[in-house]
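Read through the structure below, which is laid out as structure tokens, and then see the notes.
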Amino acid sequence: MIGAVDIGGTKIAVGMVDDAGRVVAKLESPTDARGGYANGLARMTSMLRETARNAGVGISGIGIGSTGMVYPESGKFGDADFLPGWQGTIRWRIWRASLM
């Protein structure tokens, strides 16, 4: 099952998506960008685990969308005015591996 993460300026949405593209479990949370990157990452991690548990599945992959720039090679956030302090902070591949 694919974990889907949508990071926006006001909310983070997370879901589990099956092979047919159906969302089988989902959660939303305020982004709380001022709470910082570590807080946001912890909530995304928790939300992914909870949606997988609710769907009764394991996570086989993760897709991430963001309204700010994410560099595909490094997995780092670019300039994202709506996410102060998040620029250059994430290593998606390492985080993804910790969930699967």
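In whole Hz, what ³J(HN,Hα) sequence does region 30-46 give by Karplus (6.51, -1.76, 1.60; θ = phi - 60°), x for Gly and Pro?
x, 5, 6, 4, 6, x, x, 4, 4, 5, x, 5, 4, 5, 4, 4, 4
Report the gain in length on full extension from Asp19 to Leu99: 0.36 nm times residue separation, minus Cα-Cα distance, nm rounded to one decimal.
Going from the current span to full extension adds 26.9 nm.
Only the coordinates and a few stated rules stand behind these numbers; no lab work does. This one's a predicted model, so the numbers in the text were calculated from it and none came from an experiment.
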